[in-house]
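Below is one structure, written out as structure tokens; the observations come after it.
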Amino acid sequence: MKINASKMATPIEEKVDQNLKTRTGMVMISDGKSKPELARLHLSMEMITIQKQDTTTPAPTPTNATHPPIESKERMVQITRQKVGGLGLSIKGGAEHKLPILISRIYKDQAADATGQLFVGDAIIKVNGEYITACPHDDAVNILRNAGDIVVLTVKHYRAATPFLQKQLSRETPESDNDATCAELKADENWKSVNSSRPVSISSEPENRWIDLVSVPLMMAYVTRYIYGTDKLRPNAFEVRGLNGTTTGIIHCDDLAILSQWLKYITDNVVGLTSLQMKLFNRNFPVGERIEYMGWVNEGVINNHISWQSYKPRFLVLKGTEVMLFDSPPLNVTGLTKANVAYKVYQTMFRVVKESETVDSRQHCFLLQSSGHEPRYLSVETRQELLRIENSWNAAIVTSVIKLGRKTFAVSHHGKTGGLTLDWQAGFSLTEGAEAAVIWQYKFSQLRGSSDDGKSKLKLHFQDHETRTIETKELECHVLQSLLFCMHAFLTAKVASVDPTFLSSIQQA
């Protein structure tokens, strides 16, 4: 394949090898400041890699299956677990160390050794088709232990790690000392250069060889067309940032159709991988506490004294009754408890910002406002992603309200202290006195409207089933905003439960 340097982007080529789909194409790469240079983009399900053409004479490919592969492509290996010794291998690394799950030892004459296809320095990408690239070390160990008797591993060899791990074997480092080994590995000179001198990857065209310059894992990766931290859209470029801190740099495509294709393919992979991780997390939670959505958003920092806004990437999670914002994605179940911001869904308003109301050049914006807090102005990259969040939000509203069941607010009615209760089954009710005597009660379907003064006074307008007349109830509540947000959540959930087409209809609206 002859490369025409005068053309920045080439059509995307798609290949399937061992049921693994990859896509490649020529693009221009820069650091955002210097002149872009020609490079090849290689996309697999879990990784995006920037490659340059190797002009050196290729070394002969060894045919002996007992030697580690020189190619950096993925391989699928089946292992039959043995009663004694299990899978016959040990692993190091893990997401908490920003390292892949690496095979650090293969025990002679045991299961892994018997395959003849696994080697020290292989990174385990999948176990029985399930990605473990974002798993901490202990989670990966548990997944391997519980993977069954026939285990299919998807692996990729990292030559830069092999000499170090073999040296560790000769030193007889304790297998349990994962932290120490990972720290030493990250400090090792060979590993530190892994992003600039990666294993050679042979392209399908025999006359071309490609060297991996940098690989960015796509699990919960951040993809953006905006200049980082601003509302300035790059007209023909985008960037991908990984959990491990790596970045593709700025990827330039002069052809908008090719640019759109790359963004779609990459985003689809990110969403797919993130959904798999979400399912993995949800195994630990009962139905009412499961995650509905995980993904990146950008939070605007509004400053009235300047004409531009600054933006900070935030990782949004909708889980059970809470909406949470993280500075970086949670890597495990414990990480889900360490949100920077957490609000109750049933006390928070979600509103899509109209194009005419956006504060700057960023599109696809929405507001989150929880009672007692300033509203948060957030944006996403695409209309499709905004619809995903909106749909997930409405599903989370239903889940959170059903789990909550009922909530009572202190109010005053005609000068008397009482409690206004929102009940999932019964609707609205007002009680007064020590005995909590019910003064009036209405179903949610009887509410015909409401009005308030924005401070404490509230009017609820109900329709009597028999007379069809409108009855107005006047109340005062010191936490009026909280009451209104909660009332909105209950009404939204009730309508959604009665009408299954409700969620889709409000999306279209």
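I'd like the full set of residues that are surrounded by 18 or more Cβ atoms within 10 Å (Cβ to Cβ) and touching a helix residue (DSSP H, G or I) at 6+ places or on another chain (Cβ under 7 Å), limited to the stretch 345-384.
Scanning the stretch 345-384 gives Val345, Tyr346, Gln347, Thr348, Phe350, His364, Phe366, Ser370, Val380.
Select from the stretch 17-33 the residues that are among the basic types (Lys, Arg) and part of a strand (DSSP E or B) and write down the one among them that is most open to solvent (accessible area, probe 1.4 Å).
Top of the filtered list is Lys21.
Does the stretch 245-264 contain at least one residue that is at positive phi, out of contact with any Ser or Thr (no Cβ under 9 Å at 6 or more places or on another chain) and not assigned by the TED database to the domain that holds His364? Explain how you work it out, then say what you get.
Initially, the stretch 245-264 is screened for residues at positive phi, giving 245, 249.
Of the ones still in play, those that are also out of contact with any Ser or Thr (no Cβ under 9 Å at 6 or more places or on another chain) are 245.
Keeping just the survivors that are not assigned by the TED database to the domain that holds His364 gives 245.
Within the stretch 245-264, one or more residues are at positive phi, out of contact with any Ser or Thr (no Cβ under 9 Å at 6 or more places or on another chain) and not assigned by the TED database to the domain that holds His364.
If only one of Glu37, Glu14 is loosely packed, with under 15 Cβ neighbours inside 10 Å, over 21 Å from Asp268 (Cα atoms), modelled with pLDDT of 90 or more and outside the structural domain of Arg145 (by the TED database), which one is it?
Glu37
So, in the stretch 135-161, exactly how many residues are exposed (fewer than 14 other Cβ atoms within 10 Å of the Cβ) and over 18 Å from Ala111 (Cα atoms)? Outline the logic, then answer.
Within the stretch 135-161, the first condition is being exposed (fewer than 14 other Cβ atoms within 10 Å of the Cβ), and the residues that meet it are 138, 142, 145-146, 148-150.
Pick out the ones that are also over 18 Å from Ala111 (Cα atoms) and you get 138.
Here the count works out to 1.
More than 26 Å from the chain's Cα centre (by Cα) and at pLDDT 85 or above: does that describe Leu89?
Working: more than 26 Å from the chain's Cα centre (by Cα): yes; at pLDDT 85 or above: yes.
Yes; evaluated as a whole, the condition is true for this residue.
Being farther than 30 Å from Asp360 by Cβ, in contact (Cβ under 8 Å) with a residue 40 or more places away in the chain and open to solvent by less than 20 Å² (accessible area, probe 1.4 Å): is that true of Leu420 here?
Values: farther than 30 Å from Asp360 by Cβ: yes; in contact (Cβ under 8 Å) with a residue 40 or more places away in the chain: yes; open to solvent by less than 20 Å² (accessible area, probe 1.4 Å): yes.
The answer is yes for Leu420.
Exactly one condition in (1) modelled with pLDDT under 95; (2) open to solvent by less than 30 Å² (accessible area, probe 1.4 Å); (3) aliphatic (A, V, I, L, M) is false for Ile389; which is it?
Of (1) modelled with pLDDT under 95; (2) open to solvent by less than 30 Å² (accessible area, probe 1.4 Å); (3) aliphatic (A, V, I, L, M), only one is false for Ile389: (1).
I'd like the residue in the stretch 255-306 that is β-branched (Val, Ile, Thr) and not in a helix (DSSP H, G or I) and, out of all such residues, is surrounded by the most Cβ atoms within 10 Å (Cβ to Cβ). Break it down into steps so the answer makes sense when it comes.
Residues of the stretch 255-306 β-branched (Val, Ile, Thr): 258, 266-267, 270-271, 274, 287, 291, 297, 301-302, 306.
Next, only the ones that are not in a helix (DSSP H, G or I) stay: 291, 297, 301-302, 306.
Working: Ile291: 21, Val297: 23, Val301: 10, Ile302: 14, Ile306: 8.
Within the stretch 255-306, the match that is surrounded by the most Cβ atoms within 10 Å (Cβ to Cβ) is Val297.
Check whether at least one residue in the stretch 404-421 is out of contact with any strand residue (DSSP E or B) (no Cβ under 8 Å at 6 or more places or on another chain) and assigned to a helix (DSSP H, G or I), and report yes or no.
yes
What's the number of the condition Thr154 fails, among (1) farther than 21 Å from Gly272 by Cβ; (2) hydroxyl-bearing (Ser, Thr, Tyr); (3) at pLDDT 85 or above?
Tallying (1) farther than 21 Å from Gly272 by Cβ; (2) hydroxyl-bearing (Ser, Thr, Tyr); (3) at pLDDT 85 or above, Thr154 fails exactly one: (1).
Within the stretch 105-127, is there a residue that is assigned to a helix (DSSP H, G or I) and open to solvent by 50 Å² or more (accessible area, probe 1.4 Å)? Let's see the steps before the verdict.
Narrowing the stretch 105-127 to residues assigned to a helix (DSSP H, G or I): 111-115.
After this cut, where a residue has to be open to solvent by 50 Å² or more (accessible area, probe 1.4 Å) as well, the list is 113-114.
Yes, there is a match, as at least one residue in the stretch 105-127 is assigned to a helix (DSSP H, G or I) and open to solvent by 50 Å² or more (accessible area, probe 1.4 Å).
Residue by residue through the stretch 230-243, note down the ones that are within 18 Å of the chain's Cα centre (by Cα) and open to solvent by 60 Å² or more (accessible area, probe 1.4 Å).
Arg241
Could you grab the pairs with beta carbons closer than 6 Å, sequence gap of 6+ or different chains, first residue in the stretch 394-407 and within 13 Å of Asp423 (Cα to Cα) and open to solvent by 20 Å² or more (accessible area, probe 1.4 Å), second one assigned to a helix (DSSP H, G or I) and not charged (D, E, K, R)?
Pairs that qualify, where the first residue is within 13 Å of Asp423 (Cα to Cα) and open to solvent by 20 Å² or more (accessible area, probe 1.4 Å) and the partner is assigned to a helix (DSSP H, G or I) and not charged (D, E, K, R), are Lys403/Gly288; Leu404/Tyr346; Lys407/Cys486.
Under 7 Å by Cβ, and 6 or more places apart or on different chains, what pairs join a residue from the stretch 256-285 that is within 17 Å of Phe315 (Cα to Cα) with one that is crowded, with 18+ Cβ neighbours inside 10 Å and of a type in the set (Ser, Thr, Tyr)?
That search, which allows pairs on different chains as well, returns Leu273/Tyr131; Leu276/Tyr131.
Looking at the stretch 464-496, which of its residues are β-branched (Val, Ile, Thr) and in a helix (DSSP H, G or I)? Full working, then the answer.
First pass over the stretch 464-496, keeping only residues β-branched (Val, Ile, Thr): 467, 469-470, 472, 479, 492, 495.
Within the stretch 464-496, Thr492, Val495 qualify.
Tell me whether the stretch 453-463 contains one or more residues that are of a type in the set (Gly, Ala, Ser), outside any helix (DSSP H, G or I) and loosely packed, with under 14 Cβ neighbours inside 10 Å.
In the first step, residues of the stretch 453-463 are kept if they are of a type in the set (Gly, Ala, Ser); the result is 454, 456.
Filter again for outside any helix (DSSP H, G or I), leaving 454, 456.
Now drop any that are not loosely packed, with under 14 Cβ neighbours inside 10 Å, which leaves 454.
There is at least one residue in the stretch 453-463 that is of a type in the set (Gly, Ala, Ser), outside any helix (DSSP H, G or I) and loosely packed, with under 14 Cβ neighbours inside 10 Å.
The values are calculated or read from the model by the stated rules, or taken from the named source; none is laboratory data. As the structure is a computational prediction, the values presented were derived from the model and not from experiment. Using ideal geometry, Cβ is built from the backbone for each residue, glycine included, and neighbour counts are taken over all protein chains shown. Heavy atoms of the whole protein, side chains included, go into the accessibility calculation; ligands, DNA and RNA do not. Shrake-Rupley method; radii C 1.70, N 1.55, O 1.52, S 1.80 Å.
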